1. Name the helices (runs of 4 or more DSSP H) wholly within region 206-310 that hold at least 3 residues that are under 23 Å from residue 186 (Cβ atoms) and modelled with pLDDT of 80 or more?
2. Within region 19-70, considering only helices (runs of 4 or more DSSP H) that don't extend past its boundaries, which have at least 1 residues that are at pLDDT 70 or above?
3. Can you confirm whether region 416-437 contains a residue that is farther than 12 Å from residue 282 by Cα, modelled with pLDDT of 75 or more and within 25 Å of the chain's Cα centre (by Cα)?
4. Being touching a helix residue (DSSP H, G or I) at 6+ places or on another chain (Cβ under 8 Å) and more than 29 Å from residue 266 (Cβ to Cβ) is the requirement here; does residue 424 meet it?
5. Return the residues of region 350-387 that are within 16 Å of residue 443 (Cβ to Cβ) and surrounded by fewer than 22 Cβ atoms within 10 Å (Cβ to Cβ); say none if nothing qualifies.
6. Within region 372-396, track down each residue that is part of a helix (DSSP H, G or I) and more than 14 Å from the chain's Cα centre (by Cα).
7. For region 329-346, indicate whether the set of residues that are part of a helix (DSSP H, G or I), modelled with pLDDT under 85, within 21 Å of the chain's Cα centre (by Cα) and surrounded by 22 or more Cβ atoms within 10 Å (Cβ to Cβ) is non-empty.
């Protein structure tokens, strides 16, 4: 009878201990996360300066509401940024790319365009010449959209998949802080720069000087992002296939990113694209009518600024951090589902608010809940979009995804005013909540699509250059 084998002295490896919440939150102190905080600020700063803040300025200058409404189409630059994203992904900028690298050169160039266009806006009085103001706003929007393309690629290439939710959370933090500054902050700067009226009790007439000061301050506020780009390291670039002629270059730059996505996901691509196109539809459609709703409910500018532009944004930051940490522990798809549920349900709170009249306390609670839900949903959604990209085409593919998430909601939102006129605010907010129901089904179906195929893990995990 053969001798029995001696028992092995090696014990099976113990399973890795699950990190504590405190250990999990340490990810926000890492250099990559801190860089995203500053760059997120640069990304969020231009948005309100060509939308909400600009609309306030134009209305104060006597520009009619119809014209202001048409000018909101400046935002189409964000919806169609995928058109020029292949150039940002692959085309070098003479001299600048050699000195800084592919991602940082495009970041710096787009930031320069934004700053210059903001200065031009500051020096333009819309009462005297509206057309130059419009073209400057278009330049800010195009520069901002280009910065978004380069920044999304920089973020995706700077860390592995596991850390994308944390980078998304710190990016959102900087983004929302910038929205506080470019929204409530710009109004505060303009108010402080006003020359008091010489007539007792008379309303202060329109003054261009305060708005000039505010927009010059906003242009200078882009400097932290510029310095971050200059002192950051370029992520290790994904290898690009050599191209011998223009046709091969166009093939690699324009067609390959989209062909790669459909090759990897096959029939699942339609499901993924449907989810991307509809995930934020409840928030975007409702948001178009939010400011008119506040005015019609009798809330003052100070009340709206304090609650929605400051307090509400702070709650979004809380939601972004909670969502990022939850995604690390629970997985992105579970938090994506939670965010979809909360985003749709919070719109019902606005329907309730429409029955309360001028109730500031109710406004605080509703805006807090809505922004908390939005922060959770946004962190999970950004992490989900990041997980879908191939690092070789990160700028182009992410730009396509982030553009798609706005086009359908923005189109539907164009009819929001007519709906409110016909049915009232309560029915409108309830209808926007119902818009979120198909999203729940799409998230559930997408959750059954397993981990992304062939995403080149070696490229994803190598991180930034030392």
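The values are calculated or read from the model by the stated rules, or taken from the named source; none is laboratory data. All values derive from a computational prediction rather than experimental measurement. Glycine also receives a Cβ, built like all others from the backbone with ideal geometry; neighbour counts cover every protein chain displayed.
1. Hits in region 206-310: 208-220, 223-231.
2. Helices (runs of 4 or more DSSP H) meeting the threshold: 31-49, 52-60.
3. Step one: filter region 416-437 for residues farther than 12 Å from residue 282 by Cα, giving 417-427.
Now drop any that are not modelled with pLDDT of 75 or more, which leaves 419-427.
Cutting the leftovers down to within 25 Å of the chain's Cα centre (by Cα) gives us none.
No.
4. Numbers: touching a helix residue (DSSP H, G or I) at 6+ places or on another chain (Cβ under 8 Å): no; more than 29 Å from residue 266 (Cβ to Cβ): yes.
For residue 424, the condition - touching a helix residue (DSSP H, G or I) at 6+ places or on another chain (Cβ under 8 Å) and more than 29 Å from residue 266 (Cβ to Cβ) - is not met.
5. Answer for region 350-387, where residues must be within 16 Å of residue 443 (Cβ to Cβ) and surrounded by fewer than 22 Cβ atoms within 10 Å (Cβ to Cβ): just 387.
6. Result: 372, 373, 387, 388, 391, 392, 393, 394, 395, 396.
7. Yes; the residues of region 329-346 include at least one that is part of a helix (DSSP H, G or I), modelled with pLDDT under 85, within 21 Å of the chain's Cα centre (by Cα) and surrounded by 22 or more Cβ atoms within 10 Å (Cβ to Cβ).
Every residue, every condition in (1) modelled with pLDDT of 80 or more; (2) under 30 Å from residue 320 (Cα atoms); (3) assigned by TED's automatic domain parsing to the domain that holds residue 399, yes or no:
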{"position": "134", "(1), (2), (3)": "yes, no, no"}
{"position": "160", "(1), (2), (3)": "no, yes, no"}
{"position": "173", "(1), (2), (3)": "yes, yes, no"}
{"position": "182", "(1), (2), (3)": "yes, yes, no"}
